[in-house]
Amino acid sequence: MPAWLQLMLDSFWRLFSAGLMFTIPLAILSFIGGLAVGFVLALVRLYGPQPLKGIADFYVWVIRGTPLLVQLFLIFYGLPSVGITLDAFPAALIGFIMSVGAYSSEIIRGAILSVPKVQWEAAYAIGMSSNQAMQRVILPQSVFVSLPPLANSFISLIKDTSLAAVITVPEMFLAAQRIVSVTYEPLILYIEAAVIYLMFSTVLSKLQVKLETYFRRYE
């Protein structure tokens, strides 16, 4: 067996297990938290009072306009200078939630705005309040519009979690870096890490298609 193939076989489980234990959980928790933040931000930017709308707009502007890597460095390395020290995983989780929240708020806001105004009028015509119209008419229709871009965001987030390696989260890319520091075979190990990321993304892409097909039946 070639030495490079033996190296890939020996390191595969170490990389794959790091992906299962850190990469995937970090992405799932970040996406769920970011989706909650994004939903609140979207509603505030659409229907909130002006001061809150200004704060929400500023937040989205700052997060979308600065690199995620810089945000992670600020949280993990910058906050200790003002007395706030976080472990690597919570710091990464906060950074990713903030990022996902800003981007998903734009997706959710656009999905809500895409629902025709006549839907609001029809809801009011049968006696619904604004909250009832939002919950029973507008949001269900917004799901169909927002599902594809949100699913794409989650797949991108799986790959973006590799940035957590720079703040010492022991996810898959950091595991590859540590093996490289011992074996001195960066090309082989980084290709293997890329292949595993591709495996995760492919599985999620297949699930996305199935999910869209499922919801399309009710559209």
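Conditions tested, residue by residue: (1) in contact with a Ser or Thr (Cβ under 7 Å, 6 or more places away or on another chain); (2) closer than 13 Å to residue 94 by Cα.
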| position | (1), (2) |
| --- | --- |
| 28 | no, yes |
| 39 | no, no |
| 42 | yes, no |
| 47 | no, no |
| 50 | no, no |
| 57 | no, no |
| 60 | yes, no |
| 65 | no, no |
| 78 | no, no |
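How many of the residues making up the range 174-194 are surrounded by 13 or more Cβ atoms within 10 Å (Cβ to Cβ), more than 25 Å from residue 73 (Cβ to Cβ) and hydrophobic (A, V, I, L, M, F, W, C)? Please lay out each step first, then the result.
So in the range 174-194, the residues surrounded by 13 or more Cβ atoms within 10 Å (Cβ to Cβ) come out as 174-180, 183, 185-186, 188-194.
Retained after the next criterion (residues that are more than 25 Å from residue 73 (Cβ to Cβ)): 183, 185, 188, 191-192.
In the following step, the residues that additionally are hydrophobic (A, V, I, L, M, F, W, C) were identified as 188, 191.
Total meeting the criteria: 2.
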(request) Please verify whether the range 175-184 includes one or more residues that are out of contact with any Lys or Arg (no Cβ under 7 Å at 6 or more places or on another chain), touching a residue at least 24 places away in the same chain (Cβ under 8 Å) and among the basic types (Lys, Arg). (result) no
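Return the residue satisfying two criteria in turn: it lies in the range 89-103 and is of a type in the set (A, V, I, L, M) and touching a residue at least 24 places away in the same chain (Cβ under 8 Å), and of such residues it is farthest from residue 23 (Cα to Cα). Give the steps one after another, and end with the answer.
Initial filter on the range 89-103 (of a type in the set (A, V, I, L, M)): 91-94, 97-98, 100, 102.
Within this subset, residues satisfying the condition of being touching a residue at least 24 places away in the same chain (Cβ under 8 Å) are 91-93, 97-98, 100, 102.
Details: 91: 14, 92: 11, 93: 11, 97: 14, 98: 17, 100: 15, 102: 21 Å.
By that ranking, first place goes to 102.
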(request) Identify all residues within the range 63-88 that are surrounded by fewer than 13 Cβ atoms within 10 Å (Cβ to Cβ), without any contact (Cβ under 8 Å) to a residue 24 or more places away in the chain and outside any loop (DSSP other than H, G, I, E, B); write none if there are none. (result) 65, 70, 80, 81, 82
(request) Could you give me the residue pairs with C-beta distances under 6 Å whose first residue belongs to the range 149-173 and is of a type in the set (Ser, Thr, Tyr), whose second residue is surrounded by fewer than 17 Cβ atoms within 10 Å (Cβ to Cβ) wherever it lies, and which are 6+ apart or on separate chains? (result) none
(message) Among the residues of the range 8-63, what is the count of those that are closer than 26 Å to residue 170 by Cβ and not hydrophobic (A, V, I, L, M, F, W, C)?
(response) 10
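Would you mind stating whether residue 87 is more than 17 Å from the chain's Cα centre (by Cα) and under 20 Å from residue 29 (Cα atoms)? Let's see the steps before the verdict.
Values: more than 17 Å from the chain's Cα centre (by Cα): yes; under 20 Å from residue 29 (Cα atoms): yes.
Yes: the conditions hold for residue 87.
Quick check: anything in the range 206-216 of a type outside the set (A, V, I, L, M), modelled with pLDDT of 90 or more, assigned to a helix (DSSP H, G or I) and within 20 Å of residue 21 (Cα to Cα)? Outline the logic, then answer.
Kept after step one, since they are of a type outside the set (A, V, I, L, M), are these residues of the range 206-216: 206, 208, 210, 212-216.
Now restrict to residues that are modelled with pLDDT of 90 or more: 206.
If we keep only those that are assigned to a helix (DSSP H, G or I) too, we end up with 206.
Narrowing the set further to residues that are within 20 Å of residue 21 (Cα to Cα) leaves none.
Checked against the condition, which is being of a type outside the set (A, V, I, L, M), modelled with pLDDT of 90 or more, assigned to a helix (DSSP H, G or I) and within 20 Å of residue 21 (Cα to Cα), the range 206-216 yields no hits at all.
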(message) I want to confirm something. Restricting to the range 192-217 and keeping residues that are touching a residue at least 24 places away in the same chain (Cβ under 8 Å) and over 19 Å from the mean Cα position of the chain (by Cα), which single residue is nearest to residue 9 (Cα to Cα)?
(response) 192
(message) For the range 1-31, give me each residue that is surrounded by fewer than 16 Cβ atoms within 10 Å (Cβ to Cβ) and farther than 16 Å from residue 176 by Cβ.
(response) 1, 2, 3, 5, 6, 25, 28, 29
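The values are calculated or read from the model by the stated rules, or taken from the named source; none is laboratory data. Small disclaimer: the values here were computed from a predicted structure and weren't measured. Glycine also receives a Cβ, built like all others from the backbone with ideal geometry; neighbour counts cover every protein chain displayed.
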